[in-house]
Amino acid sequence: HSGDICLSDGKIYCAVAYGVSAGEHKATEHGRIMVYDTDLNFLAEKRYPTLFDGITALDGVLYVGVGTMDRTPHRGCRILRADQKTLEQIDIVEIDPGFEIEYGVQDMATDGRQIFLSFYAWKSRHAMAVCTKDLKVVSAQPFWMGHGFDFLPRRFDQPGCRVVAKLE
């Protein structure tokens, strides 16, 4: 399961969950960060002993949602931080997004200052939390794009390009 991708410094980073099957947990489950160039040539990967979902990069750090197959409503989620160049884990931070969720972080994006996290929320069905780069939640709200979002670089902001959602 390729949970999310991000483009940073000319590379594509992909958060991948392996060994997931219809809600059954298996000993073979793990996550990987996979790295490609913009021509989709494979460059590197790092394997971790946990499932992954959302991913984004900010100031040389990869932020990766540590996935869970738990549909039971819960308030906490975990974010792994890794060095963007070496892919080595820095730490895992537990956050409370401010509402009950299913699973973990679905998608991540950044505007270069803050990190945006989307979730399957328990009551509103979809929700978003906004965090600082040290993962302090600064806002939480219902959000209609539960199946993915991202920010486009300015170079795509030209006539003929369509912006689906714009956050201020």
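Data table
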read-out	value
Sole residue being open to solvent by 10 Å² or more (accessible area, probe 1.4 Å), at pLDDT below 90 and either farther than 23 Å from Thr132 by Cα or out of contact with any Pro (no Cβ under 8 Å at 6 or more places or on another chain) (or both), chosen from Arg75, Arg47, Arg71, Arg81	Arg71
Where a residue in segment 1-17 is touching a residue at least 40 places away in the same chain (Cβ under 8 Å) and its partner, wherever it lies, is of a type in the set (Val, Ile, Thr) and buried (at least 21 other Cβ atoms within 10 Å of the Cβ), with Cβ under 6 Å and at least six apart	Asp4/Ile55; Cys6/Ile55; Cys6/Thr56; Tyr13/Ile55; Ala15/Ile55; Ala15/Val64
Extreme residue, nearest to Ile79 (Cα to Cα), among residues of segment 15-31 that are surrounded by fewer than 18 Cβ atoms within 10 Å (Cβ to Cβ) and either modelled with pLDDT of 75 or more or of a type in the set (Asp, Glu) (or both)	His30
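The values are calculated or read from the model by the stated rules, or taken from the named source; none is laboratory data. Just so it is clear, the model here is predicted, and its values are computed rather than measured. Ideal geometry is used to build each Cβ from the backbone, glycine not excepted, and the neighbour counts take in all protein chains shown. Keep in mind that these areas ignore ligands, DNA and RNA; they rest on the heavy atoms of the full protein, side chains included. Shrake-Rupley method; radii C 1.70, N 1.55, O 1.52, S 1.80 Å.
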